[in-house]
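Notes follow the structure.
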Amino acid sequence: MASSRRQYPFHLIEPKWQQAWEQQQAFRAFNPGDAVPEGHPFGIRHGLSGKVADRRTLPGKFYILDMFPYPSGAGLHVGHPEGYTATDILARYRRACGFNVLHPMGWDSFGLPAEQYAVKTGQHPRVTTESNIANFTRQIKSLGFSYDWSRELATTDVDYFKWTQWIFLRLYNSWFNPDSNLAESIETLKFPADCATEEKRRSFRDSKRLAYVSEAPVNWCPELGTVLANEEVIDGKSEVGGYPVIRKPMRQWMLRITAYAEKLLADLDMIDWSDSLKEMQRNWIGRSEGAEVDFKVAGSDELIRVFTTRPDTLFGATYMVLAPEHRLVDEIVTEEQCDAVENYRAHTARKSDLERTELAKEKSGVFTGAFAVNPVNGGKIPIWIADYVLASYGTGAIMAVPAHDTRDFEFATKFKLPIVQVVQPPDGKTEWQGFTDDGTSVNSTGAEVSITGLPTPDAKKQITAWLGEKGLGKKTINYKLRDWLFSRQRYWGEPFPIVWKKDAAGNLYHEALPESSLPLLPPSLEDYKPTADGQPPLARAQDWLNLPDGSVRETNTMPQWAGSCWYYLRYTDAKNAQSFVGRDADNYWMASNGRAAGVDLYVGGTEHAVLHLLYARFWHKVLFDLGCVSTPEPFFKLVNQGIILGEDGQKMSKSRGNVVNPDDVLVEYGADAFRLYEMFMGPLQDTKPWNTKGVEGVYRFLGRVWRLFVDAQAETAFEQAEATAVTLDAGLLDHLLLDGAIMDVAATAAQLKALHACIKKVTEDLDGMRFNTAISAMMVFTNEAMTWPTKPLSVVKLFLQLLAPFAPHLAEELWARLHSTFGLAATSLAYAPWPKFDAALLVESVIEIPVQVNGKFRDVIKVAADADNATIEAAAKAVEKAQPFLAGKTIKKVIIVPKKMVNLIVA
RNA sequence: GCGCGCGUGGUGGAAUGGCAGACACGCCAGACUUAGGAUCUGGUUCCGCAAGGAUUGGAGGUUCAAGUCCUCUCGCGCGCACCA
């Protein structure tokens, strides 16, 4: 701090305006039906002051959303405000353009760290969470973001998670009807004829719900005493602490996201996300088209169904592989092979999924002793088990075509299994062994069917059709996407509104609580650890757990993703007590704006490219099918901000000691400089290193803007007054006077041109989210304006409007001073109409045109803007610097691009 | 391995197929100054005294004209990764 003199008194200006905005609720967004308070700047701008707004009188909406943060104990890092600054600039810009802007902030506040702290200290997670939220709020507010804080929410708010639980009940009470291709109420489900008893009907219904129960292996960490999400497990160890994690089957709640695989894939086409992001979602969904084919087991009635994307290679199937867990393994294994198979299965069962994939570069497997019959040619092929076939994908069994599949090729090579060519590569030179691309079928003729000679796509079609006719197989689509494991054995999450009961036969079954019983609060506990026998912490609360009628509550809680799946909807109607979101609010804020629909702009880190964004799209689509929301997609345009690296170009981390704390930067340079620097570093989407010298650069720019407006002598007086003042308050700013060169005079043509060039550039760059070049345009303007002997009021005023979204505090202060000095009516800068540039002012009468000789730049000529080609050609030929290259040569051709350039082609 | 993206001064980065390096950092020189780590002015891609030449990872190509379009290649980053 002591290192240098302040460029300008941001330490007084910034708190002053932050308070003013808060007092005025300047950035409150109004819903249809809201009364706009008398004198609110939004009301004044739009003629709604003191009136009740409705859809007809409200201007068009613009919904700009940040991914809400998890309020960690570490506080904000410089990566958070990068996206927040970008959205804030755009929110302020859109407001100035006349939109009704929704720009909210909230907290993704359930989560493991607060719970682990609770386990260690006994401190209730809510206490930790609230103090972290308070710290995040302070930091975010100190940056001057124009959030509508009246809509603030936290996923841990009872009024919020009540509705998260409500949405869960909607999922629970719905099924996906393949005929309508929609989620529907479970009441519309038709029972098959054999569902005679209530038990059977219940079990059938439960098997169709979008939220259902299954036994699935989970990542259990005995040391931490908790289950971890897949993304919390790295190399078989817990991300926190590095303790071993084992796979353990447990009763789990699942959400049937796979029912939406096709819609989640297809609807990517209607939204404006980056190609790479869409690609990540497509990869995750992993659609693949192929066929299911049934193979008979020789000497048995059993059929083994395989999935293949290459039915055209069926004639080349020389063996078959089942996943070790495949249910038919026990049925078909021969006595001699029994021990070997059992050993192998036991061995793979001990491996985690990770070990099975990453460590098993070398193929392994065991022969079962059984054989299958290839349906196309009757050939007997051996059946193996191997862990390179996954039980969870396709049918858990494959036909192996070693000639044309890399994995099968490796396996066959290792175990000396036959390799038969059935595809000829298109060019004769390519080796057919291991050739996996399209080619022409060969050696593919059987007694009943032949595809020899057909190109791969035709061969696929033909063989699939034949299989279908014979009832041996059919065209199938498979997805990598799995159903979503939705339960966690934790305390600090939403409890499931579910109870367990026993039927007459003593079988457990689940039942939803009625909506009227929501919210279901978690019990208070002394100890947040799981029980000794591994039950989730909620099982400790006996009073809570056991209901008077003998039923028992579900003890799992929902994962952190649950709350973030719908928070953007709640923001539109954050205080609604009757509904998760009101129909009018949803209709207004999520309306189409003439394009797809939903949130107009969503900005956040790429780490949520798949999980959060896929989960939220899924919930949204279910709610859409059920008629609860009006749009099929939640987020129309999505932008990922890049990562900010440390000054050393490395990822910021405590251990490297290269973490930049926004609080420190703010003390030294102020919020406006911080915001400006975050945007000036480079394109929003890029990864880029922090550089404190760069902050100083934009800080100096703000200082130049300050000196453009403020009288130098008055500033010296102000500094002396400040030095002797007992208390520092904004009143000291009244010592400042505007620079005398700012006058209410007509602007020169050059001044107007500089201004309007700046308006044009800043406007276009804001529309394209090119913040760095917009800032550079304002620097260019300032550098030029510094040289002006007089600074016309009309020009510098408009410049402040351009600056306002970027450096709102400084702009507001100078705006207010300008208005008071010239006796103008005080208007709110935040709602002042965005300036329009006048293209006529940018037109030059004389323009410079580059002259090239043989495509090489030699000089520029100055000609009238409307000069004809003959004039330009003559001028170009006369250019002095071109003469040495023209001498003694004939000009063969002259290329003139009007107003752009001249190219003289010589021989 | 597959997919996506990116390679421009000492640095961050600009450039609808038409004057490469805007703007900023850093550096150099000067002015003001007791002082400068404030401010202001000028310079700053490389080679060359200059004229001029070279130059956007590398090699080809298309074009009157290529950082920009095409092909190949090298390097970096991200994502997925035995998905049949």
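Please treat every number below as a calculation from the coordinates, not as lab data. What you are looking at is a predicted structure, and each value in this text was computed from that prediction instead of being measured. As a convention, Cβ positions derive from the backbone with ideal geometry for all residues, glycine included, and neighbour counts pool all protein chains shown.
Hey, what does the equivalent ellipsoid look like for segment A:288-478, semi-axes from the Cα gyration tensor as sqrt of 5 times each eigenvalue, largest first, whole Å?
27, 19, 15
Which percent, nearest 5, of DSSP beta bridges in segment A:288-478 are antiparallel? It would help to have the intermediate numbers written out before the result.
On the way: 27 of 30 bridges.
If I count the DSSP bridges inside segment A:288-478, around 90 percent turn out antiparallel.
I'd like the distance separating the alpha-carbon centroids of segment A:69-124 and segment A:421-462, in whole Å.
If we compute the Cα centre of each part, the gap is 56 Å.
Where the centre of each part is set by its Cα atoms, how far does segment A:371-415 sit from segment A:250-308, in angstrom?
20
What is the projected area of the convex hull of the Cα atoms of chain A, averaged over all directions, in nm²? Don't skip to the end; give the middle numbers.
Numbers: hull surface 207.0 nm².
Spelled out: convex hull of the Cα atoms, projected over all directions, averaged, 51.8 nm².
Among A:R94, A:R45, rank each residue by its count of other Cβ atoms within 10 Å, from fewest to most, as a rough exposure measure.
By the 10 Å Cβ count, ascending, the order reads A:R45, A:R94.
What residue among A:W619, A:I383, A:P536 has its Cα farthest toward the positive end of the dipole of chain A, where the charges are +1 on Lys, Arg and -1 on Asp, Glu, each on the Cβ?
A:W619
A:A370's amide H: which non-local residues (gap 5+, or another chain) put their own amide H closer than 5 Å, with H modeled 1.01 Å from N in plane and none for Pro or chain starts?
Under 5 Å from the amide H of A:A370 lie the amide H atoms of A:T334, A:I383, each far enough along the sequence or on another chain.
Which whole-number percent is the relative contact order of segment A:844-906 (Cα, under 8 Å, 6+ apart)?
In percent, rounded to a whole number, it is 39.
Given charges of +1 on the Cβ of Lys and Arg and -1 on the Cβ of Asp and Glu, with all other atoms neutral, how large is the dipole of segment A:844-906 about its Cα centre, in debye to the nearest 20?
The dipole of segment A:844-906 has a size of about 380 debye.
Using amide H atoms built 1.01 Å from N in the peptide plane, name the residues 5+ places from A:Q7, or on other chains, whose amide H lies under 5 Å from its own.
Correct list: empty.
Give me the net charge for the shell around A:S276: Cβ to Cβ below 14 angstrom, other residues only, Lys and Arg +1, Asp and Glu -1.
-3
Suppose we take every Cα in segment A:844-906 and form the convex hull; what volume per residue is that in Å³? Don't skip to the answer; put the middle values down first.
Numbers: hull volume 4.2 nm³, N = 63.
Expressed per residue, the convex hull around the Cα atoms of segment A:844-906 is 66 Å³.
Please report, in cubic angstrom per residue, the volume enclosed by the convex hull of the alpha-carbon atoms of segment A:710-754.
Once divided by residue count, the hull of segment A:710-754 is 90 Å³.
Taking the Cα centre as origin and putting +1 on Lys and Arg beta-carbons and -1 on Asp and Glu beta-carbons, what dipole magnitude results for chain A, to the nearest 20 debye?
Approximately 1640 debye in magnitude.
Tell me, what is the Rg over Rh of segment A:421-478, with Rh the Kirkwood radius over Cα pairs?
1.02
Using Cβ counts within 10 Å as a stand-in for footprinting exposure, how do A:R28, A:R553 rank, fewest first? The partial results should precede the final answer.
Details: A:R28 16, A:R553 21.
By the 10 Å Cβ count, ascending, the order reads A:R28, A:R553.
Quick one: Karplus J couplings for segment A:855-866, per residue in order, coefficients 6.51, -1.76, 1.60, θ = phi - 60°, nearest Hz, x for Gly and Pro?
Calculated HN-Hα couplings, in order: x, 10, 5, 10, 6, 10, 10, 9, 9, 4, 4, 9 Hz.
Kindly state, as a whole number, the per residue volume in cubic angstrom of the convex hull around the alpha carbon atoms of segment A:619-717.
About 193 Å³ per residue, rounded to a whole number.
What percentages make up the Cα-Cα pair-distance distribution of segment A:502-635 when the bins are 10 Å wide from 0?
10, 30, 26, 23, 10, 1
Treating the beta-carbon of each Lys and Arg as +1 and of each Asp and Glu as -1, no other charges, what is the dipole magnitude of segment A:288-478 about its Cα centre, to the nearest 20 debye? Spell out each step's value before the answer.
Values: 20 positive and 28 negative charges, 41 e Å.
Computed about the Cα centre, the dipole is about 200 debye.
Take every Cα pair under 8 Å in chain A that's 6+ residues apart, average their separations, divide by the length, and report that relative contact order as a whole percent.
On the way: 1599 pairs, mean separation 118.7, N = 907.
Once divided by the residue count of chain A, the mean separation gives 13 percent.
What are the ³J(HN,Hα) couplings of segment A:813-818, residue after residue, when phi is run through the Karplus curve with 6.51, -1.76, 1.60 and θ = phi - 60°? Round to Hz, x for glycine and proline.
4, 5, 4, 5, 5, 4
Taking amide hydrogens as modeled 1.01 Å from N in the peptide plane, which residues meet the under 5 Å criterion relative to A:N854, leaving out close sequence neighbours?
Excluding prolines and chain starts, which carry no amide H, the hits are A:L904, A:I905, A:V906.
Whole-Hz ³J(HN,Hα) for each residue in segment A:14-23, computed from phi via Karplus 6.51 cos²θ - 1.76 cosθ + 1.60 with θ = phi - 60°, x for glycine and proline: what do you get?
Going residue by residue, I get 5, x, 4, 7, 4, 5, 4, 4, 5, 4 Hz, with x marking Gly and Pro.
Residues of segment A:396-425 with backbone nitrogen within less than 18 Å of a virtual label 7 Å along the Cα-to-Cβ line of A:N343, please, listed as ranges.
Backbone N within reach: A:415.
Summing +1 for each Lys or Arg and -1 for each Asp or Glu, what net charge is found among the other residues whose Cβ lies under 12 Å from the Cβ of A:Y699?
On the way: positive: A:R5, A:R6, A:R675, A:K693, A:R700, A:R704; negative: A:E668, A:D672, A:E696.
Net charge in that neighbourhood comes out at +3.
Quick one: Debye curve from the C-alpha atoms of segment A:240-302, no solvent, what's log10 I(q)/I(0) at q = 0.17, 0.24, 0.27 Å⁻¹?
Log-scaled intensity ratios, in q order: -0.87, -1.01, -1.14.
What percent does the relative contact order of segment A:288-478 come to when contacts are Cα pairs within less than 8 Å and at least six residues apart?
It rounds to 28 percent for segment A:288-478.
Please say if segment A:660-788 is rounded, prolate or oblate, where rounded means a/c under 1.5 for a ≥ b ≥ c the square roots of the C-alpha gyration tensor eigenvalues, and otherwise the choice is prolate for a/b larger than b/c and oblate otherwise?
The shape class here is oblate.
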